[in-house]
1. Among the residues of the range 40-69, what is the count of those that are in contact with an Asp or Glu (Cβ under 8 Å, 6 or more places away or on another chain) and either assigned to a strand (DSSP E or B) or crowded, with 22+ Cβ neighbours inside 10 Å (or both)?
2. Looking only at the range 71-86, count how many residues are out of contact with any strand residue (DSSP E or B) (no Cβ under 9 Å at 6 or more places or on another chain) and assigned to a helix (DSSP H, G or I).
3. Being of a type in the set (K, R) and on the phi < 0 side of the Ramachandran plot is the filter here, so list the residues in the range 69-95 that pass it.
Amino acid sequence: MGEGHVQGLLQPEEISPLEGDSDIRALFVTDYYTLTLINGYEAFYVLGSDVYGPMGKELIPFEKEAEAREFMKDHKGKAILRFKDVTPEIIKPLD
């Protein structure tokens, strides 16, 4: 999920005429290992790993916390975040 996509979800009023988060009905991301769509609000995101996503530096999503922890250990990740913990300040350095 690139910065522009996350920024739009964190601050939808800045890029869309939506009223706010209540207008967003679902958020899906692709689990890094299984390549299946998972609930983006419930996913575990690894920050700061040595693995790049399709858009470059990204938060790498996982459905299961154990897999996120294993990935973080294997790929020098810095933290595991939930969607509610992601802020513009966290994603800005991913640019």
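Just so it is clear, none of the values below were taken in a lab; they were calculated from the coordinates. Note that the structure is a prediction, hence the values are computed from the model and not measured. Note: ideal-geometry Cβ built from the backbone for every residue, glycine included; neighbour counts use all protein chains shown.
1. 4
2. Of all residues in the range 71-86, those out of contact with any strand residue (DSSP E or B) (no Cβ under 9 Å at 6 or more places or on another chain) come to 73-74, 76, 84.
Subset that is assigned to a helix (DSSP H, G or I): 73-74, 84.
Residues meeting the conditions: 3.
3. Correct list: R69, K73, K78, R82, K84, K92.
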